[in-house]
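J.: One structure is given below, represented as structure tokens, and several questions about it will come after.
The values are calculated or read from the model by the stated rules, or taken from the named source; none is laboratory data. Values in this document were obtained by computation on a predicted structure and should not be read as measured data. Neighbour counts run over all protein chains shown; Cβ positions are idealised from the backbone, glycine included. For accessibility, only protein heavy atoms count, side chains too; no ligands or nucleic acids. Shrake-Rupley method; radii C 1.70, N 1.55, O 1.52, S 1.80 Å.
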Amino acid sequence: MATVGIVMGSDSDMPVMAKAAAMLEDFGVDYEMRIISAHREPQELVEWAGHAQEKGMKVIIAGAGMAAALPGMCAALFDLPVIGIPMYSKSLGGNDALYSIVQMPGGVPVATVAIDGAKNAALLAIEMLAISDEGLHEKIRAFRAKQKADVIKKDARLQETGAANYSN
Ligand code: RP5
């Protein structure tokens, strides 16, 4: 049983999608990761997304590029939250996928994150699950506190070294 489904349209999406998987692992959230192309193998997508809920999935993270049908098709087949990640592409810079994914017709939402925004997609999925999981909510609080402490440290170093000597 996996709580989150991660699906991508091609293995060329893997460098980005791996970041979502890594974040879920950091938070101890189970996931199932698949490569399923909406355009190249539609029946396989119907089979997977149509049965995702039976397999325990509460959220699907779907990443795709170009004429990105995958997140929208997942939302058509799965009536719990779907988070879409538009992939950067050389020809149109990811705007093609962004527009495809964000412009869903009323009634079938996809929560769309930034182009290549796999980290935030995973965090959003974790926050959705944390609504009914106090242990996970506590991990989010700790994550944000560390994030804040890291920025404070960087600012302190900047004040100490000055702009000319600051390197990140
Ligand atoms: C989309 O087409 C995939 O999600 C990928 O981002 C893009 C290109 O796929 P490949 O030609 O690299 O397989 O379906």
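J.: Which length gain, in nm to one decimal place, applies between Asp150 and Lys119 when the Cα-Cα distance is subtracted from 0.36 nm times their residue separation?
T.: Values: separation 31, 0.36 × 31 = 11.16 nm, distance 1.72 nm.
Full-extension gain reported as 9.4 nm.
J.: For the chain, what is the relative contact order in percent, using Cα pairs closer than 8 Å and at least 6 residues apart in sequence?
T.: On the way: 283 pairs, mean separation 34.6, N = 168.
It comes to 21 percent, rounded to a whole number.
J.: Sticking with this structure for a sec: Treat each spin label as a single point 7 Å out from the Cα along the C-beta direction, and report the Tyr99 to Glu54 distance in nm.
T.: Placing both labels 7 Å beyond Cα along the Cβ direction yields 3.8 nm.
J.: Per 5 Å bin, what is the whole-percent P(r) computed from every C-alpha pair distance within the chain?
T.: Values per bin, smallest distances first: 2, 9, 17, 19, 17, 12, 9, 6, 4, 2, 1, 0.
J.: Oh, and also: Quick one: P(r) of segment 100-168 from all Cα-Cα pairs, 5 Å bins, percents rounded to integers, in order of increasing distance.
T.: Calculated over all Cα pairs of segment 100-168, the distribution is 3, 13, 14, 13, 16, 12, 12, 8, 5, 2, 1 percent.
J.: Under a plain spin-label model, where a point goes 7 Å from the Cα along Cα-to-Cβ, how far apart in nm are Ser91 and Ser12?
T.: According to this spin-label approximation, the distance is 0.9 nm.
J.: Ok, one more. Given the C-alpha centroids of segment 1-31 and segment 41-114, what is the distance between them in whole angstrom?
T.: Centre-to-centre (Cα) distance: 14 Å.
J.: Report the trypsin sites (Lys or Arg not before Pro) located in segment 1-102 that are in a DSSP loop and have at most 13 other Cβ atoms inside 10 Å of their Cβ, or state none.
T.: On the way: sites: Lys19, Arg34, Arg40, Lys55, Lys58, Lys90; in loops: Arg40, Lys55, Lys58, Lys90.
Those that pass, being in a loop and sparsely packed, are Arg40, Lys55, Lys90.
J.: A further question follows. With all protein chains present, calculate the accessible area of His137 using a 1.4 Å probe and round the result to the nearest 10 Å².
T.: Accessible area, nearest 10 Å²: 70 Å².
J.: Taking all protein chains in place and a 1.4 Å probe, what share, in percent, of the accessible surface of segment 7-90 do carbon and sulfur account for?
T.: Numbers: 2090 of 3960 Å².
Here it works out to 53 percent.
J.: Just the accessible area per residue of the chain, please: how many Å² with a 1.4 Å probe?
T.: Values: 9480 Å² over 168 residues.
Roughly 56 Å² per residue, with all protein chains present.
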